[in-house]
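Here the structure is laid out as structure tokens; the discussion comes afterwards.
The values are calculated or read from the model by the stated rules, or taken from the named source; none is laboratory data. Computed from a predicted structure; not experimentally measured. Glycine gets a Cβ as well: all are built from the backbone with ideal geometry, and neighbour counts include every protein chain shown.
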Amino acid sequence: MLEFLIQNWYLVLAAAVSGALLLWPQLKGGGGGSSVNTAEAIRLINREKAVLVDVSEPAEFAAGHPGGARNVPFGQLEGSKDLPSNKTVPIVLVCPTGARASRAVALLRKAGHEKVLSLAGGLRAWREANLPVDKSAA
């Protein structure tokens, strides 16, 4: 066995590196990634009472947003009264593409919110999953 490992050190190294690369996102994100797919977002909303927050600008929000989402524009996240005061409540962030929501995750985590996730693919993924989209400003 030892002889095999010595003769094939490059295979052992490749296996170790690939294992480390697979584990890196888990270790970096504190036990999980910072984004969820639509099915996981719905599960969080239904089972853990997660709050769905759309970080789009008001005009984008009025043009279409996930049903039941609150609008807190990205630039107004810090100190917003529209976010849950209980910082243990899960928050799922969404925007048209998912890019702004991903950046907003770090802001809210820094503010002390414990479980903040972005919706992978944003509103586009929400629509593709045939989930309800509202077009009213409220």
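Things to note:
- Looking only at the stretch 105-138, and only at residues there that are within 17 Å of Lys49 (Cβ to Cβ) and of a type in the set (D, E, K, R), the one that is surrounded by the fewest Cβ atoms within 10 Å (Cβ to Cβ): Glu114
- Identity of the residue in the stretch 1-36, outside any helix (DSSP H, G or I) and hydrophobic (A, V, I, L, M, F, W, C), that ends up modelled with the lowest pLDDT: Met1
- Of the candidates Ala59, Ala63, Ala39, the single residue that is at pLDDT 90 or above, surrounded by fewer than 17 Cβ atoms within 10 Å (Cβ to Cβ) and either touching a Lys or Arg at 6+ places or on another chain (Cβ under 7 Å) or aromatic (Phe, Trp, Tyr) (or both) is Ala63.
- Answer residue from the stretch 85-99, given it is more than 12 Å from Gly121 (Cβ to Cβ) and in a strand (DSSP E or B) and is farthest from the chain's Cα centre (by Cα) among those: Ile91
- Residue match in the stretch 91-104 (condition: among the hydrophobic types (A, V, I, L, M, F, W, C), surrounded by fewer than 20 Cβ atoms within 10 Å (Cβ to Cβ) and touching a residue at least 60 places away in the same chain (Cβ under 8 Å)): no
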